[in-house]
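Report on the following structure.
The values are calculated or read from the model by the stated rules, or taken from the named source; none is laboratory data. Bear in mind the structure is a predicted one, so any value in this text is a computation, not a measurement. Note that each Cβ is placed from the backbone with ideal geometry, even for glycine, and that neighbours are counted across all protein chains shown.
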Amino acid sequence: MAHPSSYQPNTGIERWLDARLPIVRVVHDQFMVFPTPRNLNYWWTFGGILTFMLAVQIATGVVLAMHFVPTESGAFDSVEKIMRDVNWGWLLRYAHSVGASMFFLAVYIHTFRGLYYGSYKAPREVLWILGVLILMLMIATAFMGYSLPWGQMSFWAVTVITNLFSSLDAVIPGLGTRLVQWIWGGFAVGGPTLNRLYSLHYLFPFLIAGVVALHIWALHIPGNNNPTGIDVKVPTDTVPFHPYYTIKDGFALVAFILVFAALVFYAPNFLGHPDNYIPANPLQTPTHIVPEWYFLPFYAILRAIPNKLLGVAALNGSILILFFVPWLDTSKVRSTRYRPVYRWFFWAFVVTCVALGYLGAQQPEGWYLVLGRIFTAYYFAFFLVVMPVVGLIEKPRGLPGSITEPVLGPEAVRAAPATPRRLKPEQVG
Ligand code: HEM
């Protein structure tokens, strides 16, 4: 793609295949020798971790589906059967449910990394947009997956979230109600709802896999951003992806799997809600309906607004706004490292997201509600005010002359041949 191919087929069979399907060439050029900035830190290992987690979710999910019964009367019991009777069923189920949490942990870290280092800025806008699309698909998939055990939280979470569509009644009377009943496949959440959520929950991970392929394609056109945010200028700025980043990514992946395994084997229900071990009962609403931890900030935003339609609009807006980040941020400098004013606002945004997560788990009353509103206001102000305004008025710190300079020192840069590669001069940050 972005650099000339260096693949040399050696044997007859390699030449034969290369002339017909150059797949070995693609793997060699894009994943072995691919020029990668030499200064990537551990925050850059989460893309690989995410790819691994997607594979774990699909592999465990496909086997769980062999034993799961997607009916109102069969779902809860079939999950219990998986836990008790199916060989290694407990491991499959816990790997899948804890896996969903680990997947979200990794995707949030990955997204905040992108925000901090300005990886969404030109020429990586499409890469970023595809990322936001993946995030939305992940949210939909996890929501549908949570409905499947048909416990109390499953049932009532589906009831609360699908009912949000009824807010459209305020726009066109009757539209929202019709839409909700169409989604339900009846006049209440029930068997048809469960069956369609199951079908789509099986489909969506494969859509995610397709968009991930595009995401990585879009990454390999400009190449990686890096902690300095400046572009590759001299050959010493990059190292081949293998062995440097295969080893670094592999090490980080093993550390990540240790945390994952610790949760699966020692605290598999730590992140879940005990009420989901009570079979769904449409006649008994739990006193406190809460989503999984990874949806809590969005839930807090939804409940911060007293009007249903506006609350739903804020909930959707809080994710959709990410699509516009490449154009909302007016700074000429990518990396927050060199942005002395913006960095304070960035960390305040991180605190805001964590605080909204905490507030999403509390009852929406008293101080919790007041704080929920303040943090919701800052959430949107960060994108709509801070990003455009601070970028215009802030004076960034001086940038290094190249990626190599802060790593190897100015001597190494002077010694290197000054042949700019890959990016045009006007793209150099
Ligand atoms: C299933 C989910 C995802 C997978 C498997 C995935 C995979 C990857 C991989 C393998 C990389 C290269 C390694 C790295 O930079 O960490 C990458 C880079 C990137 N991803 Fe993702 N990603 C996912 C979700 C997202 C999301 C939700 C966003 C943002 C909303 C995003 C934005 C980016 C950006 C901006 C880069 C370029 C980073 C840079 O070079 O600085 N990704 N992704």
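Observations, loosely collected:
Table: residues versus (1) over 20 Å from residue 200 (Cβ atoms); (2) near the ligand (Cβ under 10 Å from one of its atoms); (3) touching a strand residue (DSSP E or B) at 6+ places or on another chain (Cβ under 7 Å).
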| position | (1), (2), (3) |
| --- | --- |
| 85 | yes, no, no |
| 107 | no, yes, no |
| 127 | yes, yes, no |
| 131 | yes, yes, no |
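- In the stretch 368-381, the residues that are at negative phi and without any contact (Cβ under 8 Å) to a residue 24 or more places away in the chain form Cβ pairs under 8 Å with partners that are among the hydrophobic types (A, V, I, L, M, F, W, C) and assigned to a helix (DSSP H, G or I), at six or more places apart or across chains, as follows: 368/359; 371/355; 371/359.
- Any hit, the stretch 93-105, residues being outside the structural domain of residue 326 (by TED's automatic domain parsing), in a helix (DSSP H, G or I) and over 30 Å from residue 191 (Cα atoms): yes
- The condition of being over 16 Å from residue 194 (Cβ atoms) and of a type in the set (S, T, N, Q) holds for residue 60.
- Screening 22, 9, 4 for residues that are at pLDDT below 95, farther than 30 Å from residue 97 by Cα and away from the ligand (no atom under 16 Å from the Cβ) leaves exactly one candidate, 4.
- Enumeration of residues in the stretch 397-419 that are exposed (fewer than 15 other Cβ atoms within 10 Å of the Cβ), assigned to a loop (DSSP other than H, G, I, E, B) and modelled with pLDDT under 90: 409, 417, 418, 419
- Filtered residue count, the stretch 1-59, keeping only those that are of a type in the set (A, V, I, L, M) and over 30 Å from residue 404 (Cα atoms): 12
- The single residue among 177, 236, 193 that is of a type outside the set (Gly, Ala, Ser) and within 24 Å of residue 333 (Cβ to Cβ) turns out to be 236.
- Only a single criterion out of (1) part of a helix (DSSP H, G or I); (2) free of Cβ contacts under 8 Å to residues at least 60 places away in the same chain is not satisfied by residue 108, namely (2).
- With respect to (1) under 17 Å from residue 114 (Cα atoms); (2) exposed (fewer than 15 other Cβ atoms within 10 Å of the Cβ); (3) within 19 Å of the chain's Cα centre (by Cα), the lone exception for residue 383 is condition (2).
- Being charged (D, E, K, R) and either loosely packed, with under 12 Cβ neighbours inside 10 Å or at pLDDT below 95 (or both) is not true of residue 373.
- Some residue of the stretch 64-77 being assigned to a helix (DSSP H, G or I) and among the β-branched types (Val, Ile, Thr): no
- Criterion violated by residue 55 - all others in (1) within 11 Å of the ligand (Cβ to nearest atom); (2) more than 20 Å from residue 322 (Cα to Cα); (3) crowded, with 20+ Cβ neighbours inside 10 Å satisfied: (3)
- Filtered by the rule that a residue be within 9 Å of the chain's Cα centre (by Cα) and near the ligand (Cβ under 8 Å from one of its atoms), the stretch 109-125 gives 110, 111.
- Single residue of the stretch 298-343 satisfying the filter (assigned to a helix (DSSP H, G or I) and over 30 Å from residue 160 (Cα atoms)) that is nearest to the chain's Cα centre (by Cα): 326
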